[in-house]
1. Which of these, Tyr110, Tyr240, Tyr297, has the largest mean-square fluctuation under a Gaussian network model of the chain (Cα springs below 10 Å)?
2. If you build a Gaussian network model of the chain, linking Cα atoms that sit under 10 Å apart, which residue out of Arg268, Arg304, Arg93 swings the most?
3. Expressed as a whole number of Å, what is the distance separating the alpha-carbon centroids of region 244-305 and region 35-94?
4. Using amide H atoms built 1.01 Å from N in the peptide plane, name the residues 5+ places from Thr106, or on other chains, whose amide H lies under 5 Å from its own.
5. In nanometres, what is the gap between the two model label sites at Lys16 and Met140, each 7 Å from Cα along Cα-to-Cβ?
6. For region 338-357, list residues with backbone N below 12 Å from a point placed 7 Å from the Cα of Lys318 toward its Cβ?
7. What does the charge dipole of the chain about its Cα centre add up to, to the nearest 20 debye, if the Cβ of each Lys and Arg holds +1 and the Cβ of each Asp and Glu holds -1?
8. Can you tell me the dipole magnitude for region 239-357 around its Cα centre, using point charges on the Cβ only (Lys, Arg +1; Asp, Glu -1), in Debye to the nearest 20?
Amino acid sequence: MRINHTHGGNINEIAKRNGLKPEEVIDFSASINPLGISKRARKAVVERIDSVLHYPEQFAESLTDEAARFYGVPNDCLITGNGSTELIYLVPRAFKPKKALIINPTFSEYKNALKIAGCSIDYFLMLEEDGFRLRVDPLMRVLKGRYDILYICNPGNPTGTLIPKSDILEIVDKALNHDTLCIVDEAFMDFTEEESVKREAVERSNLIVLRSMTKFFGIPGLRIGFAIGNKERIGEMMVYKEPWSVNALGSIAAIEGLGDTEYIEESRRYLAKERDHLFSALNEIQGLKPFPSSANYILLKVKRDGVDADSLASTLAKEGILIRSCSSFDGLGNRFFRVAVRNREENERLVKLLTAS
């Protein structure tokens, strides 16, 4: 079995390949908050560094309580993991689906986790001509009575498109009639929180919502994620959950980050402003087509003769700019790439180089 773990954020590898130092590379391939880690979280990690001398809590109980408070759900309806990726792999172990439907293009680890679990996989493709927006009625015709589990990423990765909350709930409620469990990955929902279905998951037996602190809270190296569902579903997942998967410093940083209201509000304002500015600038570049986004990244299509995303990524890497070619995403091709929203100076450097490339 061949598993593809192609992702962004490979700064050290790209720097070495192009004769650069890692600090000379600006990483547009990984969509991390350009404001960095919360100051409260940074201070707490430094002050409590000696916590690594002891085992962390077996199941990150203190963080689970704080996350439940933050998301407004009961603490027995939330499970904490080593990033949402751990929970993506936990889902098929716990529920043992035999046949899955994945909405593409999307994050590759859903497919990888299901393959390892021996699950058969089909795909429902969102189309460029639809702006990569999900069409609910065709999806329900495909889903009808055929699948144990359905995966939806919202907002989409790498498309950035947002499926309205009303559409998600319609899909979930109709899927219940077919005994289909719905996994809704909201890793980038922090930017449009009002469209989250996290609280609705508590009341529904066939909905599990995944959340991540990697992107918005800027702590990818500490690996913190959550799954939210009703008490029975979370209990089923806990049966298969390894102890001590969440490290002490990760828990400390996450608790402080979730409590840093000023940082959260500033991040939302900053990222929305810079995303709009970057989109407008990219839209002016001849031969590139940016797609509107509800997340902190933008999907683009190259419309130039003799240029594809991989060659463009290689050209930019020589200049210390790392973008995410989307040629490895099912349903896209070698004309698509994704860029993160970073600070104004870095965004303008990207625009300048893309204009000249």
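What follows draws every value from the coordinates through simple rules; no lab data is involved. All values reported here derive from a predicted model rather than from experimental measurement. Reconstructed Cβ throughout: ideal geometry from the backbone, glycine too, with neighbour counts over all protein chains shown.
1. Tyr240
2. With Cα springs under 10 Å in the chain, the top fluctuation among Arg268, Arg304, Arg93 is at Arg304.
3. First find each Cα centre; the distance between them is then 22 Å.
4. Asp330
5. So the two model labels end up 5.2 nm from each other.
6. Under 12 Å, as judged by backbone N against the label point of Lys318, lie 357 of region 338-357.
7. On the way: 48 positive and 50 negative charges, 175 e Å.
Approximately 840 debye in magnitude.
8. 480
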